[in-house]
Amino acid sequence: MSGYSHIFHPLSRHGSLPAKLNNPFFYEPDPLALAASHELQAHLAQSEVSSMEEGKMFGVLVVVNDQSSLGYLAAYSGQMEGLDEAAFVPPVFSYLQPGGYFLSHEQEITSLSRRIAELESSAELRQARERLAEVETKAKAILAEKIKIREEAKQRRDRLRATAHITAEEHEAMVAESQFLKAEVKRARLQYAQSISEAQSGIDRLTSRIEALRDERHERSEQLQRWLFSHFVMLNGRGERADLLKIFADYYASTSLPANRLLPPSGSGECCEPKLLQYAFLHHLRPVSMAMFWWGASPTAEVRHHLHFYPACSSKCKPILSFMLQGVEVEENRLESAVHVPLPVVAEGEGYVVVDKPEGMLSVPGKGKRESVLSVLRRRYPEAMVVHRLDMGTSGLLLVATNYRSYVALQRQFLEHRVKKKYVAVVEGVPDKKEGCIRLPLSPDLNDRPRQKVDFQNGKEAVTLYRVIKSEHGETLLELCPLTGRTHQLRVHCAHAKGLGCPIKGDTLYGSPASRLWLHAGELSFFSPVSGEPVSVKSVAPFLRQRTSPASGL
């Protein structure tokens, strides 16, 4: 495709350039980034990428060169084959050369994994375990039989003592019999304990070899990761350099993250944003705006939509970009900036208060300056504790205990599923069924918090009831009743292909940006923590009051 023979792709200028680079963790693409993204997408549509089984993140960075020419750079996340490499910025550090240090050492680690798998599935280990099971079964059977004989003899002696006169000789015989049978049980225990120990030692010899190989694999893997991250030397806007080991160590220390986070996550430095900025700084290009979009099918567990724009990931990119963007004028992250909004109280009783949380307010204090429900209420109730939470973008009813005793009582109601919650949401698209139950277990996406993913192996149960209220103009108004309280449960259950496949309008994590997240906690029922009387509260969603949605004409 014309215009993709070089890394710097010229771009027509329309109007003035942004004064600051958009914040990669919270943004809407500006016209320049959109124009660059559309050009890249047209290129991808004509390449082999269009037939990928699973999609990938791509990104653009609009830049100005030292001749004041406007253009953009393109990148993709991670590794990929089948692309015209001349059209994309190179990796920060290329480590996949055949026969090179990384692949050769990775092959050694793979060989260790193969040896571990062979030992774990070996006939020798299987036979040793079968031998142990056989010895244990035999020991239990014989020991049980000897105990049965001993108990039956005791019962016989007890009957004789109760029904007849026992001579001294008979008494001695009974004592001798008792001692003999007890000794028989003891001898059986000792004999089979020795047999079991010998059988177990055969297993231990094999498993100790496996554990030694696992330890060696772990050590080699960590050494290889350290080698790799030490070669990812990043540049920042001030011209300073630091490798990923130092960048992450400094970031962890500054944010008081757990000390056991000794190494950066796998794949750090290979996302679009670091690649793009690295190339720009190396070639004295001034960053103007950037945007990242997903191309292709969504992964099985995550929620990604073709052509949707996404912010930078948290665990891998936040430490790196915190370093790389030093010396660059960057817009403030509105998710962390200070916002002061009214907090209406809609119900109040002994030990509790219910507020109608506005969209954009945190439930509890976060890392930034943004005000929270808890920080506001503690000015009036010093012992206030939030009983459950709503996402910052979700508006609606939030229950807060005004003292610890009430908090414990209300928490118990949540654990016992005595609290009932109903939400309303406007989603993109129309669900296949008018009502139903969604069961998709969820777990945190450790590489991109706070995102959650569907995880059928390790996820926690998450259940949501839904009912269609009205559909119009490609949008649907829903009633949602969560039966569990997992993080982002309603958002993922609506967006994921195995759920409704209809993301909530304005969901920047799992759907598309809009004026707000169109999700509102509209009904809340619980019991007073002091009197035990039932309490029911309702709130109308702002987006229904304003009648700004085609689906809200009720």
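The values are calculated or read from the model by the stated rules, or taken from the named source; none is laboratory data. Since we're looking at a predicted model, the values are computed, not measured. Quick reminder, even Gly has a Cβ in these numbers, built from the backbone with ideal geometry, and neighbours come from all protein chains shown. Note: areas computed on protein heavy atoms with side chains; ligands, DNA, RNA excluded. Shrake-Rupley method; radii C 1.70, N 1.55, O 1.52, S 1.80 Å.
A few remarks follow.
- Test: residue in the range 517-525 that is out of contact with any Lys or Arg (no Cβ under 7 Å at 6 or more places or on another chain), surrounded by fewer than 18 Cβ atoms within 10 Å (Cβ to Cβ), modelled with pLDDT of 95 or more and among the hydrophobic types (A, V, I, L, M, F, W, C): no
- Qualifying positions in the range 337-359 - open to solvent by less than 70 Å² (accessible area, probe 1.4 Å) and touching a Gly at 6+ places or on another chain (Cβ under 7 Å): 337, 339, 341, 356, 357
- Among residues of the range 89-103 that are under 30 Å from residue 62 (Cβ atoms), none has a beta-carbon under 6 Å from a residue that is basic (Lys, Arg) and surrounded by fewer than 12 Cβ atoms within 10 Å (Cβ to Cβ) at least six positions away or on a different chain.
- In the range 83-114, the residues that are closer than 14 Å to residue 73 by Cβ, open to solvent by less than 50 Å² (accessible area, probe 1.4 Å) and assigned to a helix (DSSP H, G or I): 86, 87
- Screening the candidates 468, 492 for the property of being closer than 22 Å to residue 301 by Cβ and of a type in the set (Val, Ile, Thr) yields one hit, 492.
- Evaluating residue 129 against the criteria (1) of a type outside the set (A, V, I, L, M); (2) modelled with pLDDT of 90 or more; (3) farther than 30 Å from residue 263 by Cβ; (4) touching an Asp or Glu at 6+ places or on another chain (Cβ under 9 Å) leaves one unmet condition, (4).
- Any chance residue 55 is in contact with a strand residue (DSSP E or B) (Cβ under 8 Å, 6 or more places away or on another chain), within 22 Å of residue 509 (Cα to Cα), modelled with pLDDT under 95 and open to solvent by less than 30 Å² (accessible area, probe 1.4 Å): yes
- Residue check, residue 181 under 20 Å from residue 211 (Cβ atoms), surrounded by 12 or more Cβ atoms within 10 Å (Cβ to Cβ) and hydrophobic (A, V, I, L, M, F, W, C): no
- Residue within the range 134-153 that is loosely packed, with under 15 Cβ neighbours inside 10 Å and more than 58 Å from the chain's Cα centre (by Cα) present: yes
- Tally, over the range 473-488, of residues that are part of a loop (DSSP other than H, G, I, E, B) and open to solvent by 20 Å² or more (accessible area, probe 1.4 Å): 7
- Screening residue 40 with (1) closer than 16 Å to residue 76 by Cβ; (2) touching a residue at least 60 places away in the same chain (Cβ under 8 Å) gives one miss only, at (2).
- As a summary of the residue check, residue 359 satisfies the conditions (1) within 24 Å of residue 508 (Cβ to Cβ); (2) under 23 Å from the mean Cα position of the chain (by Cα) except for the one numbered (2).
- Residue within the range 491-510 that is among the β-branched types (Val, Ile, Thr), touching a residue at least 24 places away in the same chain (Cβ under 8 Å) and part of a loop (DSSP other than H, G, I, E, B) present: yes
- A residue that is of a type outside the set (Gly, Ala, Ser), open to solvent by less than 100 Å² (accessible area, probe 1.4 Å), assigned to a helix (DSSP H, G or I) and over 30 Å from residue 229 (Cβ atoms) can be found somewhere in the range 186-199.
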